[in-house]
Amino acid sequence: MIALVTASIDEEGLTDLRKHGEVRYQPLFETRQMLGGRRLVRALEGVDVFITEADNLKEAQIEALEILQIIASCRGNPVNIDIPAATRKGIPVIHAPGRNADAVADLTLALMLILGRNIMQASALLRDPDRGSDMSALAQVYFDLRGTEMWEKTVGIVGLGAIGRKVAARLQPFGSKVISYDPYISENAMADYGVKKVDLHTLLRESDYVTLHAMVTDETRGMIGAREISLMKPTAFFINTARSALTDESILYEALREKKIAGAGFDVFDKEPLPVDHPFMSLDNVVLLPHIGGATHEVTTHQTQIIVPDILRLINGEKPLHIVNPEVLESFKFRK
Amino acid sequence: MAGYETKEQMQAVIERFLAGIEKSETLAKMCKGIKVSIGYEIVDLDFQFHTEFMDGVVTGGIGEASPPSMAFLETDSETFDGMMTGEIDGASAAMSGALSFSGDMSSAMGLQALQDDMNQIYRDAKAEG
């Protein structure tokens, strides 16, 4: 077996793969080189297993490859792979749902605390040459920058999937009340996570923090519009570490500019990187991040633990846990 | 259908486009501090050209660059033309497989700010024909 690995995989995972053959480990974070088009086809000549994260493997490339047996996309949603094309060629495509869940949940909590405790403003104050060393100014800001604790605050989680559940778990020690809108999770299942099931409008009306963790589907696209924002408390914070397509940036901008809501934290935008002249840049009640939700060292371990065992299952003739096109398994047999 | 029927047609436009970006003072100013080279491969016409943005100096040429470009964009003439005229969204084209990137994409991303000016120069180059 020859495996080309351009995703980040930890040493333990690489060792497990090497027991089955040659592993060409060329992770993007080291090489800084993406593969695409004919260059990708050349790199995959003679390769049985391709483990990728960012490279686009589309129909033209899949059609041109004769040897490739397994495609592993280290993403929750393997948008970089043409699934129908792989299925037509009988190639199983495995993926890594939840690999970023801990990372994004941590960042969501960080944004709640940054917003609630005015951390951006407080940090900026100390760097201000006029006010940072002025004792009377500091005494004043001690009161001006008083924030809010998470204790007894209501946090509304929109979408109680892998990330939403981890956000809920992290909130329990803070003493927060957690409510969630997710039509696909039952009341009892939510109760198991210490979460109360509510409808979307109730969530928006009652929450001190609204945080989005839904996937973008036809059902959820634009789900937070003008009507929804108008239901939020003027003291509430809005957090989006999921996808900007769930919301409307212009409506959020107006609501934040007019202080109809207290503030917001965004890690995702309609256009990334966020243009320097974007209206959000002019707001002082917004924390803006460059889509770093999944940017942690530990994600390498998470995706290794999801992807590598599934590859070994396929090599050993077993069914993988996370396969996008299970219909190919009926006729699939790994050629050793 | 947009795009080009022959390699010669496209090459004539690209030569004017490259001349346009080389003499653009705006692009030169905007690429101060940037060092990026992009190779373009138009697969249906078997046509290559390249651009270089080297700290305020913009150059380009027909064929492959030497030394090789830092990043590559591979597509067909119709998609390339659509992106440069603004009729096709590059991100959507990449998702559909009509456009492939390879090489050092983080450097190439730095050119995004120049795209509108480059598109205008391309449209002018096309109109001249």
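The values are calculated or read from the model by the stated rules, or taken from the named source; none is laboratory data. From a predicted model like this one, the values you see are computed outputs, not experimental measurements. Cβ sites come from the backbone with ideal geometry, for glycine too, and all protein chains shown count toward neighbours. What goes into the accessible areas is simple: the full protein's heavy atoms, side chains included, and nothing from ligands, DNA or RNA. Shrake-Rupley method; radii C 1.70, N 1.55, O 1.52, S 1.80 Å.
Annotations
- In the stretch A:119-140, the residues that are surrounded by 12 or more Cβ atoms within 10 Å (Cβ to Cβ) and among the polar types (S, T, N, Q): A:121, A:140
- Residue tally, condition among the aliphatic types (A, V, I, L, M) and surrounded by fewer than 18 Cβ atoms within 10 Å (Cβ to Cβ), over the stretch A:8-22: 1
- Taking helices (runs of 4 or more DSSP H) as the structural unit, those lying wholly within the stretch A:23-118 and holding at least 2 residues that are in contact with a Gly (Cβ under 6 Å, 6 or more places away or on another chain) and either within 14 Å of chain B (Cβ to nearest Cβ) or open to solvent by less than 10 Å² (accessible area, probe 1.4 Å) (or both) correspond to A:101-116.
- All positions within the stretch A:155-169 that are in contact with a helix residue (DSSP H, G or I) (Cβ under 7 Å, 6 or more places away or on another chain) and either assigned to a loop (DSSP other than H, G, I, E, B) or surrounded by fewer than 19 Cβ atoms within 10 Å (Cβ to Cβ) (or both): A:160, A:162
- The stretch B:91-115, subset in a strand (DSSP E or B) and at the interface with chain A (Cβ under 7 Å from one of its Cβ atoms), residue nearest to residue B:67 (Cα to Cα): B:103
- The lone criterion from (1) open to solvent by 60 Å² or more (accessible area, probe 1.4 Å); (2) outside any helix (DSSP H, G or I) left unmet by residue B:16 is number (2).
- Counted residues, the stretch A:8-22 - those being among the charged types (D, E, K, R) and not in a helix (DSSP H, G or I): 3
- A single entry from B:89, B:81 fulfils the requirement of being charged (D, E, K, R), surrounded by 20 or more Cβ atoms within 10 Å (Cβ to Cβ) and more than 20 Å from residue A:35 (Cβ to Cβ): B:81.
- Residue count for the stretch B:26-75 satisfying the condition of being farther than 12 Å from residue B:108 by Cβ, within 12 Å of chain A (Cβ to nearest Cβ) and either in a helix (DSSP H, G or I) or in contact (Cβ under 8 Å) with a residue 40 or more places away in the chain (or both): 2.
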